[in-house]
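Following: one structure in structure tokens, then a few remarks.
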Amino acid sequence: MKILVTGYKGFIGSNLSLYLQAQGHDVEGWEYVPNTIPDPSGYDWVIHIGANSSTTETDVDLIMEQNFEHSLRLLQACDMMGVNFQYASSASVYGPTTHFTENGPLQPQSAYAWTKYLFDRFVTQNLEQFQVLVQGFRYFNVYGPGEEHKGNQASPVTKFTKQAKEDGVLQLFENSDSYKRDFVFVRDICKVHDKMLDVDKSGIFNVGTGRAVSFDTVANCIAKKYNVEINHIPMPDNLKGQYQEYTCANIEKLTNIIDLEWTKIEDYINDR
């Protein structure tokens with residue numbers, strides 16, 4: 001298939017582009033330019049990964065343009081030209097809930113989460129009107145190679161490993177044994193995108209392992225591997241009030257369509 005990947009220089013986009021090429025697809029990339037969209041004509045699929053991924057972004061107009069309005073224009077162009085569309089959503093739309101099913105209650109807490117919610121909402125409300133396949137994937141907490149440039153937005157695997165190697169000590173938020181997330185390997189994300197290219201079904205799908213692991217578990221696993229200590233620190237004020245304490249994907253909708261053996265985060269850490 002001929003596929004256009006937006007955000008192909010980013011963490012997930014770069015991993016996805018390389019994976020799809022390895023599977024024999026003809027892949028081209030595009031990076032965000034203000035007030036423009038790529039020309040989707042001639043492609044079988046557009047996979048829209050590009051976004052402002054900062055969960056602490058405070059410029060609402062900026063993130064609305066990059067994540068919602070730009071995505072809307074691109075989807076409409078794909079629909080007009082008969083090009084199927086996959087896009088990256090986020091588990092951040094769930095907010096402080098413990099009910100992680102695609103049709104469950106949503107409580108977005110940050111500007112980033114609201115932009116993802118609004119686009120999901122538009123897709124859901126218009127799903128029957130699209131002339132093409134539209135597949136949205138709510139990523140849970142993605143980790144893996146190639147995210148080092150993300151700094152504070154990187155996964156705890158990358159941040160803790162960097163701290164262990166450079167500082168010899170891990171900085172872990174207090175009470176991190178109670179903060180549990182569904183950590184999903186970026187290669188598994190790529191497999192989902194690839195497998196779903198052959199599925200004649202639209203909708204929004206959770207993409208996670210269906211298993212919640214605490215930050216404390218991740219930190220201890222890395223600390224043991226590198227023989228370093230853990231320093232517990234208070235949570236910064238800018239994260240309080242929007243920090244998800246728990247995520248765990250209900251993946252029944254996805255696993256009813258495709259088969260996938262999910263990578264355990266502990267195995268990834270120990271096997272690196």
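Each residue in region 242-272 was checked for being touching a helix residue (DSSP H, G or I) at 6+ places or on another chain (Cβ under 7 Å), more than 14 Å from G144 (Cβ to Cβ) and hydroxyl-bearing (S, T, Y), and 1 pass. Within region 94-114, the set of residues being under 18 Å from the mean Cα position of the chain (by Cα), under 21 Å from V192 (Cα atoms) and open to solvent by 20 Å² or more (accessible area, probe 1.4 Å) comprises T101, E102.
Selection of region 202-222 for residues being open to solvent by 30 Å² or more (accessible area, probe 1.4 Å), in a helix (DSSP H, G or I) and out of contact with any Ser or Thr (no Cβ under 7 Å at 6 or more places or on another chain) yields T217, N220. Put simply, of K165, K195, K159 the only residue that is charged (D, E, K, R), assigned to a helix (DSSP H, G or I), open to solvent by 50 Å² or more (accessible area, probe 1.4 Å) and without any contact (Cβ under 8 Å) to a residue 12 or more places away in the chain is K159.
Listed here are the residues, each with its yes/no results for (1) over 24 Å from L133 (Cβ atoms); (2) of a type in the set (A, V, I, L, M); (3) in contact with a Leu (Cβ under 9 Å, 6 or more places away or on another chain); (4) surrounded by 23 or more Cβ atoms within 10 Å (Cβ to Cβ).
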{"site": "G29", "(1), (2), (3), (4)": "no, no, yes, no"}
{"site": "V33", "(1), (2), (3), (4)": "yes, yes, no, no"}
{"site": "S41", "(1), (2), (3), (4)": "no, no, no, no"}
{"site": "I49", "(1), (2), (3), (4)": "no, yes, yes, yes"}
{"site": "L62", "(1), (2), (3), (4)": "yes, yes, no, no"}
{"site": "F68", "(1), (2), (3), (4)": "no, no, yes, no"}
{"site": "M81", "(1), (2), (3), (4)": "no, yes, no, no"}
{"site": "S92", "(1), (2), (3), (4)": "yes, no, no, yes"}
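Determine whether K225 is in contact (Cβ under 8 Å) with a residue 40 or more places away in the chain and open to solvent by 60 Å² or more (accessible area, probe 1.4 Å).
Values: in contact (Cβ under 8 Å) with a residue 40 or more places away in the chain: yes; open to solvent by 60 Å² or more (accessible area, probe 1.4 Å): yes.
For K225, the condition - in contact (Cβ under 8 Å) with a residue 40 or more places away in the chain and open to solvent by 60 Å² or more (accessible area, probe 1.4 Å) - is met.
If the condition is being in contact with a Pro (Cβ under 9 Å, 6 or more places away or on another chain) and surrounded by fewer than 20 Cβ atoms within 10 Å (Cβ to Cβ), then region 115-128 contributes only L118. Residues of region 24-38 that are in contact (Cβ under 8 Å) with a residue 24 or more places away in the chain, more than 20 Å from the chain's Cα centre (by Cα) and assigned to a loop (DSSP other than H, G, I, E, B): H25, P34, I37, P38. Scanning region 70-79 for residues that are hydrophobic (A, V, I, L, M, F, W, C) and open to solvent by 10 Å² or more (accessible area, probe 1.4 Å) gives L72, A77. Within region 115-143, residues that are assigned to a helix (DSSP H, G or I) reach partners that are basic (K, R) with beta carbons closer than 9 Å, at six or more positions or on different chains, in the pairs K116/R138; D120/R138. Please indicate, with yes or no, whether at least one residue in region 253-266 is in a strand (DSSP E or B), at pLDDT 95 or above and not charged (D, E, K, R). No, that holds for no residue.
The values are calculated or read from the model by the stated rules, or taken from the named source; none is laboratory data. Keep in mind the model is a prediction, meaning the values are calculated, not measured. Heads up, the Cβs are rebuilt from the backbone with ideal geometry, glycines too, and the neighbour counts pull from every protein chain shown. Each accessible area value is taken on the protein alone, full model and side chains, heavy atoms only, with ligands, DNA and RNA left out. Shrake-Rupley method; radii C 1.70, N 1.55, O 1.52, S 1.80 Å.
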